[in-house]
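Everything on this sheet refers to the single structure shown next.
Every read-out reported here was derived from the displayed coordinates using simple, explicitly stated rules and does not represent laboratory data. What you see is a predicted model; the values in this text were computed from it and never measured. So basically every Cβ, Gly included, is an ideal-geometry build from the backbone, and we count neighbours across all protein chains shown.
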Amino acid sequence: MLYTVAGEVAGDRQRWLLDGLHRLLQGRGYQFVEPGQPDIRLVLNFIDPERPRPYRRMAQATYVVSIATVDKHPDSVLHAAYPLMVRSLANLMMYTVDGPDGFHTYFVTLEQGCYKIPYQAGDDEGYFEQVFKRLEPLATSNLIINNDFHPDLPEELWEGDEITEQVSRAARKIEEMNLWPAPFPIQEILSPEDMRHVKRLYGIGGLSYGNLSARKDTRRFWMSASGVNKANLRTIGQDILLVKDFDPQQKAMQLSVPPHVTPRRVSVDAIEHWMIYTEHPQVGAIVHIHAWIEGIPSTEINYPCGTVELARAVAEQVRRAKDPSRAIVGLKNHGMTITGPDLDDIFERIEGKVIPQVPMS
């Protein structure tokens, strides 16, 4: 697997980081190449926190880790590091603090995960092993975020149906419960040029957190779109979409849309919902929120949203549940996915139990 290094390494600490990462990656079979080579899978992008510069990947499969070092611990690592990750167009932020109170490393994810990688003075190899253990599964995961739109939605569904009404009501209820966390304003963080690059590569028009869906029939389900105001789901094909299948050859979700509508992309978690609905006919609805309930089983690795690995990990936990049609699964450093025979059943089961703060580890 090919990897490269971008940006400018500044100071002894970053040189130490780079030497350790080189040593570890090459010891695990990764091959270093110069930037610009085809088929690069992992990029270590060293950035200046004052002027973060992006690495412009050419393919969705390229996973970019931005690395920044500061000399003072911020009040909130998430709020200091997240904009740097977005501005540098990274998949993951490695935010290091090298100050008077020691050396600290944090991983920050697009899903607002923020967790610490321990470092004990004198145990450099143990530290780099921990970094690799947390980094490697994320860097090698496979995104399923492409959409294949078919303008074949039957005319009687152009304005939706009773199921889309249920989805809209449920989304408003989640808003009333204050469980749609405020997204980072990607349009304000990125320049117009960078925003166009993100749209071309990923089709992302904004960062939003959480989604919901409801089964239409044996194969199809209605699902919220990506980057929309979940409290105001109205237009079919733009706010709510009908997922009809998954094409493994194209690695794309198949969607039926009205022929007169310019569609938005469905939520990145559509592959996860598709796996659950396909395996469990008794599941009629799914809600994903960035919140928590004490005592729930959880996935072991915080795979990124939209990856087949995350979908499989969640589907495995649903499969293990005593009743898969009423499962509650934690997503590590992320949130939880809840299945139910319908949306009303889900809310009856979680009301009064939900904790807005997701535990990070």
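Only a single item in (1) in contact with a His (Cβ under 9 Å, 6 or more places away or on another chain); (2) of a type in the set (S, T, N, Q); (3) in a loop (DSSP other than H, G, I, E, B) is not met by Ser325, and it is number (3). For Val314, the requirement of being in a helix (DSSP H, G or I) and free of Cβ contacts under 8 Å to residues at least 60 places away in the same chain is met. Close Cβ contacts (under 6 Å, 6 or more residues apart or on different chains) running from residues in the stretch 241-262 that are closer than 21 Å to Arg215 by Cβ and without any contact (Cβ under 8 Å) to a residue 60 or more places away in the chain to residues that are polar (S, T, N, Q) and surrounded by 17 or more Cβ atoms within 10 Å (Cβ to Cβ) comprise Asp245/Gln254. Residue under question is Met177, and the condition is that it be hydrophobic (A, V, I, L, M, F, W, C) and either surrounded by fewer than 17 Cβ atoms within 10 Å (Cβ to Cβ) or touching a Lys or Arg at 6+ places or on another chain (Cβ under 6 Å) (or both); does it hold? Answer is yes for this residue.
Taking the stretch 238-290 as the search range and keeping residues that are in a loop (DSSP other than H, G, I, E, B) and small (Gly, Ala, Ser), which one is farthest from the chain's Cα centre (by Cα)? Selected residue: Gly284.
Scan the stretch 247-274 for residues that are surrounded by fewer than 20 Cβ atoms within 10 Å (Cβ to Cβ) and of a type in the set (A, V, I, L, M, F, W, C) and the total you get is 2.
Can you name every residue in the stretch 297-312 that is farther than 17 Å from Pro359 by Cβ and more than 13 Å from the chain's Cα centre (by Cα)? The answer is Arg312, and nothing else. With respect to the conditions (1) among the charged types (D, E, K, R); (2) in a strand (DSSP E or B); (3) in contact with a Cys (Cβ under 9 Å, 6 or more places away or on another chain), Asp148 lacks only one, and its number is (3). Within the stretch 68-92, the residues that satisfy the criterion of being over 19 Å from Leu44 (Cβ atoms) and of a type in the set (A, V, I, L, M, F, W, C) are Val77, Leu78, Ala80. Being assigned to a loop (DSSP other than H, G, I, E, B) and free of Cβ contacts under 8 Å to residues at least 60 places away in the same chain is the filter here; which residues of the stretch 119-145 pass it? Answer for the stretch 119-145, where residues must be assigned to a loop (DSSP other than H, G, I, E, B) and free of Cβ contacts under 8 Å to residues at least 60 places away in the same chain: Tyr119, Gln120, Ala121, Gly122, Asp123. Scanning the stretch 275-298 for residues that are in contact with an Asp or Glu (Cβ under 8 Å, 6 or more places away or on another chain) and surrounded by fewer than 24 Cβ atoms within 10 Å (Cβ to Cβ) turns up Gly284, His290. Could you list all residues from the stretch 325-351 that are more than 20 Å from Trp180 (Cβ to Cβ) and buried (at least 19 other Cβ atoms within 10 Å of the Cβ)? Of everything in the stretch 325-351, those that are more than 20 Å from Trp180 (Cβ to Cβ) and buried (at least 19 other Cβ atoms within 10 Å of the Cβ) turn out to be Ala327, Lys332. When the stretch 98-130 is filtered for residues that are closer than 26 Å to Cys305 by Cβ and of a type in the set (Ser, Thr, Tyr), the ones remaining, listed by number, are Thr105, Tyr106, Thr109, Tyr115.
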